[in-house]
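Report on one structure; see the data block that follows.
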Amino acid sequence: MATASDSTHPPPSVTHDLDEDDDDEEFDDDGDDFDDEADGGDEPPASSPEAARLEAVLRRLTADEVRIRVHQVTIRGCARTRRAAVEAAVGPDLARAATVRDLVRAAAAAGDRLRRLGAFDTVSITLDAAPPGIPGSVVVVLVDVAEARGRAAGDFGVFANTQTRSCSLEGSVKLKNLLGYCETWDASGALELDKTAELSAGVQMPRIGAIPTPLMVRISLLFDDWLKSSLKEHLMGVSVGLLSTMNHNLAYNLTWRKLTDPTHMSSSSVQEELGHSLLSSIKYAYKVDQRDSSIRPTRGYAFLSSSQVGGLAPGSKYSRFLRQEFDLRVALPLGVLNGAFNAGVAVGVIHPLERGSTGTVSSLLERFYLGGNRPLVCRLGGPSSLLGFKTRGLGATEFRTHDPHNSDNGTSTSPELNGLGGDIAVTAFADLSFDLPLKPLRDLGIHGHAFVCAGNLGKLTDYDLWKFPVTDFLHTFRSSAGFGVVVPTRLFRIEMNYCYILKQFDHDKGKTGIQFNFSSP
């Protein structure tokens with residue numbers, strides 16, 4: 001009998017309990033080449049000679065093309081989980097295996113797929129003898145699963161942002177395997193007092209039966225006062241996953257937006273884009289993350305490429321465009337104080353496929369905006385973070401008009417600026433993390449880091465990217481540096497940083513001082 005258990009990482013441990021006389025006679029003529037595809041089992045052997053004999057038999061089984069036939073694949077342990085979901089994860093390779101080598105590989109792959117569903121505490125794949133009377137080298141595959149006991153999880157937090165002097169409430173809830181298809185239901189919400197409210201809910205269902213790919217549907221609502229009460233954005237969107245694998249994701253998005261200016265103080269170019277708009281787009285993303293941790297990476301690399309074609313809806317207010325983003329991260333261990341060097345660069349470009357009705361290359365809502373207090377080393381997501389600068393606090397701006405009510409009252413107000421974003425964005429950073437000298441802090445995962453980051457935004461004025469002024473763009477990079485302490489917790493990650501602005505220009509909203517960053521792990 002052979003068992004593949006989920007107690008170790010794939011390829012799973014495989015233990016063979018074979019009858020000594022019969023099995024030795026059956027495989028005596030097989031080759032003696034050894035292969036490292038299968039390791040010793042989790043159960044401790046009775047003695048060293050017995051362990052050596054079992055290992056030799058296992059290696060002979062997997063070294064050569066030892067023929068075998070699977071009589072039946074039996075799934076056990078499903079109470080509320082539907083068998084179709086487990087059968088789709090197991091796949092047809094187990095039943096089709098013609099050699100012991102193929103069977104071991106198929107068992108390892110099936111166990112890995114079952115574990116990734118997240119609906120089972122343990123997964124065990126066992127190879128047993130076929131019922132008496134069936135000739136040939138025939139086995140029965142037993143797939144045993146133990147369903148996870150807890151199906152619901154949630155978290156809630158209150159965060160204070162010293163940079164914007166605001167407070168936000170954030171919460172989420174997640175339900176697993178509610179209908180028995182190993183699906184995941186989740187809902188999340190964030191409320192920033194007097195500024196932003198965001199709600200979203202979705203479901204992700206794994207591949208089942210004839211469905212060739214996992215299904216994902218998500219609905220989002222956003223109410224955002226994102227330019228100091230000059231503009232208000234209302235958004236409602238639906239996203240449908242068309243293809244989802246380990247590294248590839250293809251989704252269709254349909255988003256309705258409404259941009260208003262209750263104060264009637266926005267600049268002339270912003271006023272041209274007020275009103276309703278409908279964005280229909282297809283987005284493809286390729287992502288690979290080989291880092292050992294997303295919270296504190298010490299080795300590995302990560303890469304994200306995202307391509308979005310927008311403006312597909314007929315009669316759309318805005319023209320068709322291509323939005324391309326790249327994000328690359330690298331982590332290298334230093335060998336001292338558990339230190340690590342992290343570096344990354346992100347690039348984003350919006351290129352029009354046709355000129356819009358307003359004559360602009362891209363719409364205000366689709367442009368890139370830099371600034372804010374997102375951590376540098378955690379999640380991939382394209383160019384956005386630049387520590388020390390306020391959200392949308394960098395790039396081209398326009399003066400807002402005066403409030404007519406204030407003019408009538410004879411009061412004077414200083415002119416405010418509307419951030420216009422950019423069609424091209426580049427950010428880069430370098431981060432050095434290290435352990436703190438106090439052991440209680442090290443035991444809690446609290447560590448220090450020092451960083452430097454830079455970025456810039458540019459606006460396309462022509463369809464030809466080759467005419468973009470690269471030299472001027474490089475000379476106008478903004479930059480900041482600093483150091484701080486990182487406190488990881490189960491619910492969120494806290495950064496307390498001192499940021500020093502190295503370079504900024506007029507109308508940029510950068511400030512030297514202490515900054516607090518919060519992010520989910």
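Mean sequence separation of contacting Cα pairs (under 8 Å, at least six apart), scaled by the length of the range 53-147, corresponds to a relative contact order of 38 percent. Relative to the globular-protein estimate of 2.2 N^0.38 Å, the Cα radius of gyration of the range 439-521 stands at 1.52. What the Cβ-Cβ distance of L250 and T512 gives, at R0 = 41 Å and to the nearest 0.05, is a FRET efficiency of 0.40.
When the listed pairs K176/K283; K390/K439; K232/K467; K232/K459 are checked against a 29 Å cut-off, the alpha-carbon distance exceeds it for K390/K439; K232/K467. Residues in the range 469-482 carry Karplus couplings, in order, of x, 5, 4, 4, 4, 5, 6, 10, 5, 9, 8, 8, 9, x Hz; the curve used is 6.51 cos²θ - 1.76 cosθ + 1.60 with θ = phi - 60°, and Gly or Pro positions show x. With a cut-off of 10 Å between beta carbons, the residues surrounding A425 carry a summed charge of -1, where Lys and Arg count +1 and Asp and Glu -1. Computed extension gain for S48 through A79, at 0.36 nm per residue and net of the alpha carbon distance, reaches 7.2 nm. Taking all Cα-Cα distances within the range 53-147, those exceeding 16 Å account for 56%. A straight chain from L169 to F505 at 0.36 nm per residue would run longer than the Cα-Cα distance by 117.6 nm. Given R0 = 35 Å, the distance between the Cβ atoms of F303 and L199 translates into a calculated FRET efficiency of 0.65. Placing dummy labels 7 Å off each Cα toward the beta-carbon, the span from L243 to S280 is 2.1 nm.
Over all other residues within a Cβ to Cβ distance under 12 Å of T184, the charged ones net out to +3, with Lys and Arg as +1 and Asp and Glu as -1. In a shell of Cβ-Cβ distance under 11 Å around F341, excluding F341 itself, what net charge do Lys and Arg (+1) and Asp and Glu (-1) give? Charge balance near F341 sits at 0.
Split the accessible area of the range 53-147 by element, probe 1.4 Å, and carbon with sulfur accounts for 51%.
Computed from phi, the 3J(HN,Hα) profile of the range 88-101 under the Karplus parametrisation 6.51, -1.76, 1.60 (θ = phi - 60°) reads 5, 6, 5, x, x, 5, 4, 5, 8, 4, 10, 9, 4, 4 Hz, with x in place of Gly and Pro.
At full extension, L322 and V217 could sit 35.5 nm farther apart than now, given 0.36 nm per residue minus the alpha carbon distance.
Computing FRET efficiency as 1/(1 + (r/R0)^6) for Y498 and V330, where r is the C-beta to C-beta distance and R0 is 35 Å, gives about 0.90. In the context of the full set of protein chains, residues of the range 53-147 present 44 Å² of accessible surface per residue (probe radius 1.4 Å, heavy atoms only). The phi torsions of the range 124-129, fed into the Karplus equation with coefficients 6.51, -1.76 and 1.60 and a -60° offset, translate into couplings of 9, 10, 10, 9, 10, 5 Hz, rounded to whole numbers, with Gly and Pro shown as x.
With the whole protein complex present, K283 retains an accessible surface near 80 Å², based on a 1.4 Å probe.
The values are calculated or read from the model by the stated rules, or taken from the named source; none is laboratory data. Just so it is clear, the model here is predicted, and its values are computed rather than measured. When we count neighbours, we look across all protein chains shown, and the Cβ atoms used for this are built from the backbone with ideal geometry, even at glycine. To get the accessible areas, we keep the full protein, side chains included, count just its heavy atoms, and leave off ligands, DNA and RNA. Shrake-Rupley method; radii C 1.70, N 1.55, O 1.52, S 1.80 Å.
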